[in-house]
1. When the helices in the chain are scored as -39500 (n - 2.57) per DSSP H run of 4 or longer and the sum is shared across all residues, what 222 nm value do you end up with, to the nearest 500 deg cm²/dmol?
2. Of the residues 51, 38, 27, which exhibits the maximal mean-square fluctuation in a Gaussian network model of the chain defined by a 10 Å Cα contact cut-off?
3. With a 10 Å cut-off between alpha carbons and a GNM built on the chain, which of 66, 37, 24 moves the most?
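Please treat every number below as a calculation from the coordinates, not as lab data. Keep in mind it's a predicted model, so treat the numbers as computed, not measured.
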């Protein structure tokens, strides 16, 4: 779905549900991600065409965004603010 500043991939929604949101419906999780993406700020480039963005408190989520394709950037996954997962 395209809403806000990024295309939010189904994978990103599922990861958000699994890692951060519990068991809310897909549509609810997507809506939350759209809202959170509007509040996110750019942190740094992780790799060529891959950016790290972060939301503010209280969640402090890490959002991995791809700019490798034409069109809107894609939110490809969501990570908790403080875990041992890496991209």
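1. Working: 2 runs with 21 residues, N = 87.
Rounded to the nearest 500, the figure is -7000 deg cm²/dmol.
2. 27
3. Highest fluctuation of the listed residues: 24.
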